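J.: Got a structure for you, written out below as structure tokens; questions coming shortly.
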Amino acid sequence: MERGAIEPSVPENGLSPQEQRAAPRVMLLIRPAKLITPEGEFVCVIRDVSATGISVRLFHPLPAGESAVLETETGMRVSMRRVWVRDAEAGFHFDQAIDVAALVNEIGRYRKRKLRIAIELPVTVSFLGQSHPAVIRNLSQQGARIETEVRLALAQMVRLKSPYLPEIRAQVRWRRDDQYGLVFEDTFSLGEFAEIAALLQSPSLLGR
């Protein structure tokens, strides 16, 4: 058994070790997902999956803790427990057996969309020579939801500034009271987005 591995006497998914090993595995290669842990929400890539477990790769060392929740781009959520770690890769056992076809065929609570990381990051929103305080409430590769007291117009161009992010040019796509949805002019790659998510929530994972 590898260091840090967990071998429960009675698996929480109700399957014997022989049944778990016999569960057919599907190679997904690159399927982005979100790993939700006590330290925050982190970007990962699903490598392979079976009804009883999954292996994922992150873009940095794994956050602490054995329990985690996997969330796909369609909102499917699965509770699981880590059983092994190898550098930035890890294997998990699901708390309950899942419908592999639903995960592979991207069936979930909503249609497939880019991953969103829930954060609370103070920023400055600037336009027409003015600057106003705002807070990013969630962030994706392509946009963000912000909260600000200043009135923004639909399709308005703004700049987001923060010590923790590159300056971002964005357009207002929707508004709801003091909440605004922004679409970025220049999007992040998955690796860049993963590093930003780690930097904003657990910078020690990046050695910072």
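J.: Straight-line reach from K34: which lysines have a Cα under 21 Å away, not including same-chain ones fewer than 8 places off?
T.: K112, K114
J.: I'd like the FRET efficiency for V85 and E192, computed as 1/(1 + (r/R0)^6) with the beta carbon distance as r and R0 of 25 Å, rounded to 0.05. Present the calculation step by step, with values, prior to reporting the outcome.
T.: Details: r = 24 Å, r/R0 = 0.95.
For R0 = 25 Å, the calculated efficiency reads 0.55.
J.: Let me ask something additional. Sticking with the crude label model, points 7 Å out along Cα→Cβ, report the distance from D95 to T74 in nm, one decimal please.
T.: With each label point 7 Å from Cα toward Cβ, the separation is 2.2 nm.
J.: Further question on the same structure: Mind checking the angle between helix 190-201 and the chain's longest principal axis? C-alpha axes, 0 to 90 degrees, to the nearest 10.
T.: With rounding to tens, the tilt is 80 degrees.
J.: Quote the relative contact order of the chain in percent (integer), defining contacts as alpha-carbon pairs under 8 Å separated by 6+ residues. Each step should come with its number before you reach the end.
T.: Working: 458 pairs, mean separation 32.7, N = 208.
Computed over the chain, the figure is 16 percent.
J.: Figure the gain on full extension for S204 and S126 (residue separation times 0.36 nm, minus the Cα-Cα span) and round it to one decimal in nm. Mind showing how you got there, number by number?
T.: Numbers: separation 78, 0.36 × 78 = 28.08 nm, distance 3.03 nm.
Between S204 and S126, full extension yields 25.0 nm more.
J.: Right, another one. Spin-label point model (7 Å from Cα, Cβ direction): what's the V104 to A118 distance in nm?
T.: Inter-label distance under the simple model: 3.1 nm.
J.: How about the stretch 123-176: which GluC sites (Glu not before Pro) there lie in a loop by DSSP and see at most 15 other Cβ atoms within 10 Å? Present the calculation step by step, with values, prior to reporting the outcome.
T.: Working: sites: E147, E149, E167; in loops: E149.
Filter output for the stretch 123-176: E149.
Every number in this text was worked out from the coordinates using simple rules, so none of it is lab data. Keep in mind it's a predicted model, so treat the numbers as computed, not measured. For neighbour counting, all protein chains shown are included, and Cβ atoms are generated from backbone atoms with ideal geometry for every residue, glycine included.
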